[in-house]
Amino acid sequence: MSPDHALDWRAPHETDVAQTIGVLRRGPGDPTYTRTPDGAIWRATLTDDGPATMRIVQRDVDLVRVEAWGTGAGAAVALAPSMLGERDDTTGFRTGVEELDAAHRRNPGLRVPRTARVMESLVPAILEQKVITLQAHASWRRLVLAFGTPAPGPVPTPMRVAPSADGWRAIPVWEWHRAGVDPKRAAAIQRAAARASRIEEAADLAPPDAAARLTVFPGVGAWTAAEVAQRAFGDADAVSVGDYHLANYVGHALFGRDMTDDEMLDALAPWAGQRYRVIRLMMAAGLRGRARRGPRMSFVDHRGR
């Protein structure tokens, strides 16, 4: 089946599609995202023009083929370069830490995506508040399967497009309960859905203004806003303050000890503007987030100013 729209995109820098947009997948059972044996990534999305299914294939380090089906196919293809990190230029980026700079050299195609679809990132972020990740992914899967719509086009497996704002608002109380979502998180999602057009505008705001736009809604705090910024806004500086594990992960990776959120922010301060990227590089470098025997990173010796 021929795509409704297609694009052969030549990136302005080396790009690793799987590394870049893998953060958009909400667990291995996410019905909006799948990867086929040929290496193609399929993603179902809801654009302003309607639903779309995208097939994304990496042809070279800077060449990507994007195909799309559905009434929103044209809009999805138009947003694809941004989603794949077109705006995320790392020219001249250095951390001054040997292990992290080595990780950056080994992962030159790791980009921060910008989907510009805010509700698609906000809803699963709210679902992930104060519960284990597996539970949040199960809730997302159940709700999207039950209340989403079939993904258009020749999908390789049954896929669904996440509900529209009206769709999220229409989910009855008992269905949230069956999906393992408590009333507080369900109410936060439905409040946001009631002002979805206002929320979607945040994609075009400066990062501080975008965060302020989101956190004005009850149930959307700094952690949730950062999780959205890392996916919908392409914000390479967004730190998920308040995360149950992150401060201790950063603390052990850098200094071999637990940290508070404030201590984590102090430790990341030398990389202001790139803090989320630095955290991703820590993970790409395989740095452990818990105590272990043996030497840690020589952070104090290598840090650049």
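The values are calculated or read from the model by the stated rules, or taken from the named source; none is laboratory data. Values in this document were obtained by computation on a predicted structure and should not be read as measured data. Note that each Cβ is placed from the backbone with ideal geometry, even for glycine, and that neighbours are counted across all protein chains shown. Only protein heavy atoms, including side chains, enter the accessible area calculation; ligands, DNA and RNA are left aside. Shrake-Rupley method; radii C 1.70, N 1.55, O 1.52, S 1.80 Å.
Quick look at the values:
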| item | result |
| --- | --- |
| Residue among 271, 255, 285 farthest towards the positive dipole end of region 245-285, charges placed on Cβ | 285 |
| Sorted peptide list for 262-271, 227-236, criterion being average Cβ within 10 angstrom, highest first | 227-236, 262-271 |
| Gain on full stretching of the segment that runs from residue 106 to residue 82 - 0.36 nm per residue minus C-alpha separation | 6.4 nm |
| Fraction of the pair-distance distribution of region 5-91 above 19 Å, Cα-Cα pairs, percent | 35 percent |
| For residue 85, distant residues with modelled amide H under 5 Å away | 114 |
| Average accessible surface area per residue within the chain, 1.4 Å rolling probe, Å² | 46 Å² |
| Taking region 118-225 and dividing mean pair separation by its residue count, relative contact order in percent (alpha carbons under 8 Å, at least six apart) | 28 percent |
| Mean separation of Cα contacts under 8 Å (6+ apart) over length of region 48-126, as relative contact order % | 25 percent |
| HN-Hα J in Hz across region 138-143 - Karplus 6.51, -1.76, 1.60, θ = phi - 60°, x for Gly and Pro | 5, 5, 4, 4, 4, 5 |
| Convex hull of the chain built on C-alpha atoms - directionally averaged projected area, nm² | 15.6 nm² |
| Global geometry of region 106-174, whether rounded, prolate or oblate, following the gyration tensor of its Cα atoms and the 1.5 cut on a/c | oblate |
| For residue 44, residues with placed amide H under 5 Å, excluding near neighbours | 33, 54 |
| Rounded to the nearest 20 debye, dipole of the chain from Cβ charges on Lys, Arg, Asp, Glu | 840 debye |
| Per-residue SASA entry for residue 100, accessible area with 1.4 Å probe, Å² rounded to 10 | 0 Å² |
| Whether region 180-279 is rounded, prolate or oblate, judged on the alpha carbon gyration tensor where a/c under 1.5 counts as rounded | oblate |
| Spacing of the two label points (7 Å from each Cα toward its C-beta) at residue 89 and residue 18, in nm | 2.9 nm |
| Relative contact order (percent, whole number), the chain, Cα cutoff 8 Å, 6+ residue spacing | 18 percent |
| Cα gyration tensor category, rounded, prolate or oblate, for region 245-285 with a/c compared to 1.5 | oblate |
| Residue-wise HN-Hα coupling along region 6-11, computed from phi with Karplus coefficients 6.51, -1.76, 1.60 (Hz; x: Gly, Pro) | 8, 8, 9, 9, 9, 5 |
| R0 of 30 Å, Cβ-Cβ distance residue 241-residue 177: FRET efficiency to nearest 0.05 | 0.50 |
